[in-house]
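The values are calculated or read from the model by the stated rules, or taken from the named source; none is laboratory data. Owing to the predicted nature of the structure, the values given are computational and were not obtained by experimental measurement. Here the Cβ is made from the backbone with ideal geometry for all residues, glycine too, and neighbour counts use every protein chain on show. Heavy atoms of the whole protein, side chains included, go into the accessibility calculation; ligands, DNA and RNA do not. Shrake-Rupley method; radii C 1.70, N 1.55, O 1.52, S 1.80 Å.
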Amino acid sequence: MSIDRRARVTQSAFVLHQWSWSESSLIIDLLTREQGRITVVAKGAKRPHSQLRAVLLPFQRVLVTLGRRRTDEAGPARIHADEVSDINTLRSAEFASLAAPLPPARLFSGFYLNELLMKLLARNDAHALLFDAYADTLIALAGAEQAGAERARDSAAQAALRAFELVLLRETGVLPEFDRATPTQQPVQPGRAYALRADAGLVVAAGDAPALSGAQCLALQAALDAHELDALRAACAAALRVLKPQLRALLHYHLGSAPLRSTRSMQDVRRLLDGASRPVADEVAD
């Protein structure tokens with residue numbers, strides 16, 4: 001879809017992150033379906049009676065109208081000078097549909113998704129499938145609270161997160177194919193065991209290390225190819241114990257050494273709740 005950057009454009013979006021620019025305005029990172037991750041100036045959004053103030057909420061789908069920022073206007077201090085020309089002015093925003101809010105137990109998971117997008121998705125790089133996957137994952141996280149017992153709820157939420165990670169890694173071009181071993185390009189065999197390695201792709205597993213079965217790999221690939229998130233979540237749920245640490249290692253490889261703030265914050269919260277009486281399990285949002 002070609003977008004005239006000089007004209008006002010209305011499109012669906014989610015708020016990923018925001019910070020103060022002045023006493024009354026905000027700089028906001030939005031995830032949009034048509035343009036990908038973009039940065040906007042929301043003038044007056046911090047004022048008590050601003051229409052934008054009540055709408056620019058995380059995890060709610062909104063319709064935003066954008067206009068180009070004047071090229072002679074100074075850019076925010078936290079935006080690099082060569083990115084000023086890519087900043088849009090937010091003209092208006094309204095709810096596209098009022099979705100059920102994420103329950104408190106899943107808020108860190110939502111912020112984890114946002115942080116992944118902020119760190120791994122380049123600005124102005126549109127991925128319609130990723131936008132749809134994000135919207136669907138928020139619904140799945142909210143719905144996970146209806147899955148019955150606590151363990152079932154956690155498993156449903158974890159499967160939703162793993163499925164989103166797979167879509168994100170694939171859309172950004174760093175996920176190896178699950179239907180062939182990366183070093184040899186030999187087709188995956190259902191009866192063999194495989195491991196996902198950040199520096200080598202999908203490899204035949206060695207020794208007794210935790211591994212994905214070939215059948216699990218093929219199920220993941222089939223769901224990814226079909227763009228079926230329900231099927232992908234089901235495939236992730238079937239391989240959750242092994243898939244989670246291997247995907248985490250792959251993400252850390254591409255994210256670099258700095259820990260995610262959402263993960264660190266959740267760990268801090270758990271330490272406070274536990275009174276530092278026991279080590280915090282590395283479950284967290286991711």
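Report yes if R91 is open to solvent by 30 Å² or more (accessible area, probe 1.4 Å), in contact with a Phe, Trp or Tyr (Cβ under 7 Å, 6 or more places away or on another chain) and at pLDDT 90 or above, otherwise no. Here the answer is no, as R91 does not meet what is asked. Within the option set A223, A205, being under 30 Å from A99 (Cβ atoms) and aliphatic (A, V, I, L, M) holds for one residue only, A223. Scanning region 139-185 for residues that are touching a strand residue (DSSP E or B) at 6+ places or on another chain (Cβ under 6 Å) and either in contact (Cβ under 8 Å) with a residue 60 or more places away in the chain or among the hydroxyl-bearing types (S, T, Y) (or both) returns a single hit, T182. Does A226 count as more than 16 Å from the chain's Cα centre (by Cα), among the small types (G, A, S), within 16 Å of D179 (Cβ to Cβ) and surrounded by fewer than 16 Cβ atoms within 10 Å (Cβ to Cβ)? When the stated conditions are applied, A226 passes them. Look at region 53-67: where a residue is of a type in the set (D, E, K, R) and a partner is part of a loop (DSSP other than H, G, I, E, B) and open to solvent by less than 50 Å² (accessible area, probe 1.4 Å), sitting 6+ places away or on another chain with Cβ atoms under 6 Å, you get R53/A45; R61/A96.
Where the second residue is β-branched (V, I, T) and open to solvent by less than 50 Å² (accessible area, probe 1.4 Å) and the first is under 10 Å from A239 (Cα atoms) and lies in region 200-221, which pairs have Cβ atoms under 6 Å and are six or more apart or on separate chains? Filtered contacts from region 200-221: L212/V242; C217/V188.
Restricting region 200-233 to residues that are more than 18 Å from A135 (Cβ to Cβ) and charged (D, E, K, R) leaves a set whose member that is modelled with the highest pLDDT is D225.
Screening L130 against (1) modelled with pLDDT of 90 or more; (2) part of a loop (DSSP other than H, G, I, E, B) leaves a single unmet condition, (2).
Residues in region 136-155 that are closer than 22 Å to R61 by Cα and buried (at least 18 other Cβ atoms within 10 Å of the Cβ): T137, L138, A140, L141, A142, A144. Looking at region 195-208, is at least one residue under 22 Å from the mean Cα position of the chain (by Cα), open to solvent by less than 30 Å² (accessible area, probe 1.4 Å) and under 28 Å from Q11 (Cα atoms)? The answer is no, given that none of the residues of region 195-208 is under 22 Å from the mean Cα position of the chain (by Cα), open to solvent by less than 30 Å² (accessible area, probe 1.4 Å) and under 28 Å from Q11 (Cα atoms). When R33, R8 are checked against the criterion of being open to solvent by 30 Å² or more (accessible area, probe 1.4 Å), in contact with a Ser or Thr (Cβ under 7 Å, 6 or more places away or on another chain), modelled with pLDDT of 90 or more and charged (D, E, K, R), a single residue qualifies: R33. Would you pick out the residues in region 170-190 that are open to solvent by 50 Å² or more (accessible area, probe 1.4 Å), within 15 Å of L212 (Cβ to Cβ) and under 25 Å from the mean Cα position of the chain (by Cα)? Listed by number, the list holds a single entry, E177. Screening D225, D199, D208 for residues that are touching an Asp or Glu at 6+ places or on another chain (Cβ under 9 Å) and either more than 28 Å from F111 (Cβ to Cβ) or assigned to a helix (DSSP H, G or I) (or both) leaves exactly one candidate, D225.
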